[in-house]
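Worksheet: the structure to be examined is printed underneath.
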Amino acid sequence: GIVLALASSLTYTVYMLGVERTSLANMYHFKLSFYFCLVSLVVSGTFGAIIGQLTFHLTPTAWAYSLLVSLFVSVGAITLFQLGITLIGASTTAILSTLEPITSVVLGILILSESLSWAKALGCVLIFAGVLIVTVTQVREPTKAKPPS
């Protein structure tokens, strides 16, 4: 699990910096999302086929849910995430994206009628506090003045 988490964070970092600091930043966001989803399809499809876990035998309801999730993720989340990277930078986008667990807890309560346990509430408070501390610290850091030329 630790190796997968480290590999995930490394690839996530490369992805975010690549979008911010290469010509990908100038590419239309929906086009970029399409290419990322296409690469993801090929990689995950190949991996699933190799390990024998790729299946297309789903119920119509499962297909509908898969389509719905894929549209929200590819059209919504990935596109907006890339737009955030180009507008506010990779580091700020990364900091703000740590609020995702809070969003999932809130939506779980509102949509799925999940209960809010003390552990979930404490986790949300700690995540929010961490984001707040990092954000306030970044704002207070003086910008380095450029030397006269």
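The values are calculated or read from the model by the stated rules, or taken from the named source; none is laboratory data. Computed from a predicted structure; not experimentally measured. Note that we place each Cβ from the backbone using ideal geometry, even for glycine, and neighbour counts take in every protein chain shown. Areas reflect the complete protein model, heavy atoms only, side chains present, ligands, DNA and RNA absent. Shrake-Rupley method; radii C 1.70, N 1.55, O 1.52, S 1.80 Å.
For a paramagnetic label modelled on V75 (point 7 Å from Cα along Cα→Cβ), amide N atoms under 17 Å away belong, within the range 30-63, to 30-38, 63.
Considering helices alone, the calculated mean residue ellipticity of the chain at 222 nm is -24000 deg cm²/dmol, with DSSP H runs of length four and up weighted by -39500 (n - 2.57) and normalised per residue. Both radii come from the Cα set of the range 1-127: Rg as radius of gyration, Rh as Kirkwood radius; their ratio Rg/Rh reads 1.00. Report, to the nearest whole %, how much of the accessible area of the chain belongs to carbon and sulfur atoms, 1.4 Å probe, protein only. Solvent-exposed carbon and sulfur of the chain make up 74 percent of the total. For the chain, the Cβ-based charge dipole about the Cα centre amounts to some 360 debye (Lys, Arg positive; Asp, Glu negative; other atoms uncharged).
In this view, the solvent-accessible surface of W63, computed with a 1.4 Å probe and all protein chains in place, comes to about 120 Å². Could you tell me how many degrees, from 0 to 90 and to the nearest 10, lie between the Cα long axis of helix 118-140 and the main elongation axis, the longest principal axis, of the Cα atoms of the chain? Long axis of 118-140 versus the principal axis of the chain: about 40 degrees. Rolling a 1.4 Å probe across all protein chains gives T61 an accessible area of roughly 80 Å². Packing, taken as the mean count of other beta carbons within 10 Å per residue, orders the peptides 46-57, 25-36, 105-116, 84-95 from highest to lowest as 84-95, 25-36, 105-116, 46-57.
Solvent exposure of the chain, expressed per residue, is 78 Å² of accessible area, with all protein chains present and a 1.4 angstrom probe.
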